[in-house]
Amino acid sequence: MTEKEKGMEGYEDGLGARYRIAIVDDEYLVRKSLRKMLEEMDLPLSCVGDYSDGGEFTQALEAGVKVELVLTDAVMPHMDGVALTRWLQEKRPGVKVIFFSGHSEYDLLREALKHNAFDYILKPVDRKNLYAVLKKAIAVLEEEKRQEKKDIRQFLTANELLIAGYMKGGIPWHESLDMGNLPYCLVHVRWDTDTLSVQAKNQLQEEGKNLLAQVGFVSVLEDKSGGKDGFVFLVFGAESEAWREGLESAVRQVEASVAGLFPEADKSAMIGVSGIFTETEKLPLAYEQTLRAMKKEETVYPESSQSQMLSQVLSYIRQNYRETLTLQDISEKYNYNYAYLSRVFKQETGTPFIQYLTALRIEKAKELLRTDKTVKISEICDQVGFLDQNYFSRIFKKTVGMTPQSYRVNHESGE
């Protein structure tokens, strides 16, 4: 096991993911140095971007960028570190802010700590000090996550019947039913009543729960209605593409388990998977999605239907790549089952949705760089659907092998 792998131990569980961190400083060389330090640390961190001041960073957050940690300088133009900390306390209270400042900026530091900055580091930033503070912040985030997971377990145990009743439309919404903001998904298995023995039913519940527990915390709600028996597996996870892919893999294993329990002649067993939600109020919608998914997947989609579905989705992506797009939103727009659409998309295009969308946006950016010499790179970034110019430039360089500006210059010179 490498040192980096050792550093990851204990940080990731079914709900876990790499923690997203942003750097905010008006000096480019400082941002570059901090990025390099982060990349070399054996900590589960992913830098989502670096920003020249608090104003630029808050705009990115409002545009959809998400973080758990922020490294910010004290003194910056437009919005300094204290103003940023105050803004985060009000708008993103869960974010941990780590301040770095000079000895002469003690008043700013004290003000930031008053507004719940997590910790501070004196300039110049020392690698060991930064590592220690980040490790402490990650430990706090992990403990908060464990507590949230524990709270959800206790809440669901105490309110299982109420949650199931609300999910199926039997009782109205009330704030006391709120499960928090962890992403969740429903995996719904149904079959004709009396098809399974008690032993087989218990086996299905246990196997389904264990398989889905590979990717998150699972609660099982029993579902009996309309001459059907069933289980609704309520799966909580992390907001990431990796979790979505892990969930899809676990669902396929559940499908195999269900197929093994039912005789081939018995076609009553059906599985429906919802989209991914964070609001408890959307639970009835998630439940309805599983029922609609079952109706579509009673028989496997014929190849012609798969082709038509993919053609429709690809056409929509090409027309709307400039907008904020997710495969879940597209699946809901056309009333497709998300898990099935994701599987077919990757199978037919050879790449996951997010990689396909990114590649398309880069190709459109290259076209604009070649054909329109007057448009600014920041405008091209907006026109092709990237929310942050720094991120756009990094992805462009990683994909094309040079920066957008270099690509434009090379094309102008005929290279």
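Laboratory data are not the source of any read-out in this text; all were calculated from the coordinates shown. These figures come from a predicted structure and were not determined experimentally. All Cβ positions, glycine included, derive from the backbone under ideal geometry; neighbour counts span all protein chains shown.
Side notes on the structure shown:
- Taking amide H positions as modeled 1.01 Å from N, with prolines and chain starts lacking one, the residues under 5 Å from Gly49 and 5 or more places away or on another chain are Ile23.
- Checked against a 26 Å cut-off, the cross-linked pairs Lys346/Lys398; Lys145/Lys209; Lys66/Lys168 give Cα-Cα distances beyond that limit for Lys66/Lys168.
- When each of Lys282/Lys364; Lys333/Lys364; Lys96/Lys364 is checked by Cα-Cα distance, pairs over 26 Å: Lys282/Lys364; Lys96/Lys364
- The chain - convex hull of alpha carbons, volume per residue in Å³: 177 Å³
- Rounded to whole numbers, the Karplus 3J(HN,Hα) couplings from phi for the stretch 197-207 are 6, 4, 5, 5, 5, 5, 5, 4, 4, 5, 5 Hz, using 6.51 cos²θ - 1.76 cosθ + 1.60 with θ = phi - 60°, and x at Gly and Pro.
- Among Cys381, Cys47, Cys185, the order by Cβ neighbours within 10 angstrom, fewest to most, reads Cys47, Cys381, Cys185.
- Nearest-ten-degree value, helix 303-320 long axis tilted from longest Cα axis of the chain: 30 degrees
- Mean separation of Cα contacts under 8 Å (6+ apart) over length of the chain, as relative contact order %: 11 percent
- Loop sites here are chymotrypsin sites (Phe, Trp or Tyr not before Pro) outside DSSP states H, G, I, E and B with no more than 14 other Cβ atoms within 10 Å. The longest part of the chain free of them is 1-172.
- Calculated over the stretch 178-290, the projected area of the Cα convex hull averaged across directions stands at 6.7 nm².
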